[in-house]
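Values quoted throughout were computed directly from the atomic coordinates according to the rules given, and no laboratory measurement underlies them. On a predicted model such as this, the values are computed, not experimentally measured, just so you know. In this analysis, Cβ positions are derived from the backbone assuming ideal geometry, glycine residues included, and neighbour counts consider all displayed protein chains.
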Amino acid sequence: MENLDRVLAGFGVTKSNIAHMEIYLTDSQAHFAPLAVLFKEYVGDHRPAATVIGVSGLAFPHQLVEIHVVAHAA
């Protein structure tokens, strides 16, 4: 999430500007519950739309999670 904050800051926005998040999990059974806690802690009172997708793999074999975010600048 720190990396996401850095990317958002590079565009002059914060997590409160997030409109939608797509989160890809390689093991949704094992990682959904911890992800839900982390997501709620990260977004706080702001509740962007979110989609969680279970996948069989990501670009790098060691990668467990991929996050795609759409944020608005206004």
Quiz item: If a residue has to be in a helix (DSSP H, G or I) and surrounded by fewer than 15 Cβ atoms within 10 Å (Cβ to Cβ) to count, how many in segment 8-27 make the cut?
Solution: 3
Quiz item: Looking at 55, 70, which is the one that is in contact (Cβ under 8 Å) with a residue 24 or more places away in the chain, out of contact with any helix residue (DSSP H, G or I) (no Cβ under 8 Å at 6 or more places or on another chain) and closer than 19 Å to residue 9 by Cα?
Solution: 70
Practice problem: Only residues in segment 1-16 that are under 14 Å from residue 43 (Cα atoms) and free of Cβ contacts under 8 Å to residues at least 60 places away in the same chain count as the first member; pair them with residues that are part of a helix (DSSP H, G or I) and among the hydroxyl-bearing types (Ser, Thr, Tyr), Cβ under 8 angstrom, at least 6 apart or cross-chain, and list the lot. | Solution: 1/42; 15/42
Exercise. Would you check if there is a residue in segment 41-48 being in contact with a Leu (Cβ under 8 Å, 6 or more places away or on another chain) and farther than 14 Å from residue 69 by Cα?
Key: no
Self-check item: Qualifying residue in segment 26-34 (condition: aliphatic (A, V, I, L, M) and touching a strand residue (DSSP E or B) at 6+ places or on another chain (Cβ under 9 Å))
Solution: no
